[in-house]
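Chemist: Please find one structure pasted underneath; my questions will follow.
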Amino acid sequence: MQHLLASVFPILVFSFLVSPFSLAADVLWRYGTDRYGRESLIESVELPPEEEAVSFLSRHLGYENPRIKVLAETTILAATPTGGEVPVFGFHKLGMEPRFALEPKRFRTLIRLIQSKGWYLMSDTDFAQGDFTSVPSGKKPLVMGSDDASSGTAIYLTRGPSRTGRVRRIFGTPRWDPNCMVAILERFAPRENNRINFTFYISFDAIPFRQLDGAKNPGFPYPNIPLVREKITYLDAHFRLGIHSLSHQKAADMGQEAFSQDVLAAWNLMNHYAGGRAETVQTMAYPYGIVDGVPDGEELASWFEELERPLAGGFDFDDQWASPNHQPRGPYAISRLGVDNSNWERARKILEGKVPTAVAQRTILWTTTRKRLPPSRKSLGIHRNDDLWVLVKED
Ligand SMILES: [Zn+2]
């Protein structure tokens with residue numbers, strides 16, 4: 001008898017707890033406006049007792065493998081955009097030459113279009129990881145970066161020649177040249193959590209950023225230059241950094257072993273310059289892009305398996321559009337469109353919205369213990385076009 005009670009008792013308790021008749025179920029409400037235009041909870045779905053709210057909601061909404069980001073007040077569900085591609089722009093330097101340089105005023109024109117034409121400048125890392133949770137619904141994902149740490153990128157005003165002259169400082173703080181990428185981006189580009197999602201992919205085949213501030217030129221691979229330390233630390237805090245290899249040679253010419261060692265050496269040097277660890281480094285751009293003789297997909301990913309930290313992805317320079325799900329070549333071979341004076345009109349037309357591109361869609365879930373309207377979208381930090389749902393959890 002005792003044995004029988006012991007085995008039946010837990011089943012009785014369990015069935016009591018999950019019974020739909022003994023406890024009201026949690027309910028998901030869609031937030032919107034009623035027919036009088038008043039904000040209200042307009043559509044409800046009861047959460048089956050054995051279901052977890054986020055996965056149930058993503059199925060209910062028809063999201064396939066959504067990315068989920070849990071924040072303090074909300075949970076974000078984001079689908080990978082379908083039916084369009086993403087422009088990933090690769091710049092090199094600012095200047096007047098037709099190839100690889102872009103006039104500062106043209107760079108300014110492009111950057112000003114980001115906010116005015118409904119783009120969202122997402123990080124190259126989020127894009128490589130297929131994470132669109134930061135991109136508000138209705139916004140068009142856009143990725144940008146610059147290779148080589150060349151002239152016109154992160155340049156301070158100097159007394160005398162830019163390369164060898166002393167940097168001008170006010171109470172110790174240097175001033176950016178207003179016609180360099182950093183200054184133009186800081187003036188016109190949107191920020192995400194106080195950071196501008198523009199990646200500087202640094203190589204060490206020349207003085208990074210081409211300024212010495214009076215220091216002696218140490219020669220390849222250019223370690224221990226105080227001004228380079230100052231710039232890399234600044235960019236790591238305010239922008240994003242990526243690897244562009246140490247020696248800037250073609251991956252195909254070097255082969256797997258030498259190339260991955262070269263990437264690792266560049267990463268170590270960036271850490272050295274960041275004073276320990278360059279926090280934002282998670283991606284790389286291939287010197288000259290991925291050319292014949294370099295694999296893609298899984299095989300290319302395996303090139304970087306022995307790095308101390310995994311890379312989230314790698315960027316090509318093939319002048320192609322990128323697909324949001326990295327088909328067909330995978331996240332280590334993401335296509336980029338080059339932008340320079342010879343072709344910049346194409347970039348302008350894209351940013352002016354004259355070419356259809358991918359559009360983001362995400363849903364925000366806010367949880368409460370009684371049925372009520374959510375706080376304002378502004379206080380939740382979400383966009384007016386984001387789909388908003390309220391989970392009313394029974395105590
Ligand atoms: Zn390069």
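Chemist: Give me the number: length gained by fully extending LEU157 to ARG277, i.e. 0.36 nm times residue separation minus the C-alpha to C-alpha distance, one decimal in nm. Don't skip to the answer; put the middle values down first.
Modeler: On the way: separation 120, 0.36 × 120 = 43.20 nm, distance 2.73 nm.
Gain on extension, LEU157 to ARG277, equals 40.5 nm.
Chemist: From a point 7 Å beyond the Cα of HIS248 in the direction of its Cβ, which residues of region 189-231 have a backbone N at a distance under 14 Å?
Modeler: 201-211, 219-222
Chemist: On full extension of the chain, what length is gained from MET96 through SER376, given 0.36 nm per residue of separation minus the C-alpha to C-alpha distance?
Modeler: In short, 96.0 nm is gained.
Chemist: Loop-only trypsin sites (Lys or Arg not before Pro) in region 50-138, please: DSSP not H, G, I, E or B, and at most 12 other Cβ atoms within 10 Å.
Modeler: Values: sites: ARG59, ARG67, LYS69, LYS93, ARG99, LYS105, ARG106, ARG108, ARG112, LYS117; in loops: ARG99, LYS117.
Those satisfying the criteria are ARG99.
Chemist: Which whole-angstrom value gives the distance between the alpha carbon centres of region 86-125 and region 356-374?
Modeler: The two parts, judged by their Cα centres, are 31 Å apart.
Chemist: Now a separate question. How high is the relative contact order of the chain? Use alpha-carbon pairs under 8 Å, at least six apart in sequence, and give a whole percent.
Modeler: 22
Chemist: Related question: Using the basic label-point model (7 angstrom from Cα toward the beta carbon), what is the ASN224 to HIS60 distance in nanometres?
Modeler: Simple spin-label model gives 6.3 nm for this pair.
Chemist: Okay, next question. Under 5 Å between amide H atoms, partner at least 5 residues away or on a different chain: which partners does THR367 have, H built in plane at 1.01 Å?
Modeler: LEU391
Chemist: Mind giving me the nanometre distance, one decimal, between the label points for ARG195 and GLU394, set 7 Å out from Cα along Cα→Cβ?
Modeler: Using points 7 Å along Cα→Cβ, the separation is 4.3 nm.
Chemist: How long are the semi-axes of the equivalent ellipsoid of the chain, taking √(5λ) for every eigenvalue λ of the Cα gyration tensor, in whole Å from largest down? Kindly include the intermediate steps, with their values, before the conclusion.
Modeler: On the way: eigenvalues 440, 126, 85 Å².
Three semi-axes, in Å: 47, 25, 21.
Chemist: Run the helix sum for the chain: -39,500 (n - 2.57) per DSSP H stretch of 4+ residues, divided by residue count, reported at 222 nm to the nearest 500 deg cm²/dmol.
Modeler: Working: 11 runs with 104 residues, N = 395.
About -7500 deg cm²/dmol.
Chemist: Whats the longest run of the chain with zero GluC sites (Glu not before Pro) that are DSSP loop and have at most 16 other Cβ atoms within 10 Å? Let's see the in-between values first.
Modeler: On the way: sites that count: GLU50, GLU51, GLU52, GLU64, GLU73, GLU279, GLU305, GLU306, GLU308, GLU352, GLU394.
Formally, the longest exposed-site-free interval is 74-278.
Chemist: Calculate how steeply helix 2-18 sits against the longest principal axis of the alpha-carbon atoms of the chain, using the helix alpha-carbon long axis, and give the answer as 0 to 90 degrees to the nearest 10.
Modeler: 70
Chemist: Gain in length, VAL70 to THR33, computed as 0.36 nm per residue apart minus the alpha-carbon separation, to one decimal in nm?
Modeler: On the way: separation 37, 0.36 × 37 = 13.32 nm, distance 2.57 nm.
This chain segment gains 10.7 nm when fully extended.
Chemist: Related question: Given a Förster distance of 30 angstrom, what is the FRET efficiency for GLU43 paired with SER302, based on the Cβ-Cβ distance and rounded to 0.05? If you can, show how the numbers build up before the last one.
Modeler: On the way: r = 47 Å, r/R0 = 1.57.
Calculated transfer efficiency: 0.05.
Chemist: Here is a follow-up. Among the lysines, select those whose C-alpha is under 24 Å from the C-alpha of LYS231, and discard any that sit fewer than 8 residues away in the same chain.
Modeler: LYS93, LYS105, LYS216
A short reminder: the numbers here are calculations on the coordinates, not readings from a lab. Here the structure is a predicted model, which means the values were calculated and not measured. Cβ atoms come from the backbone with ideal geometry, glycine included; neighbour counts cover every protein chain shown.
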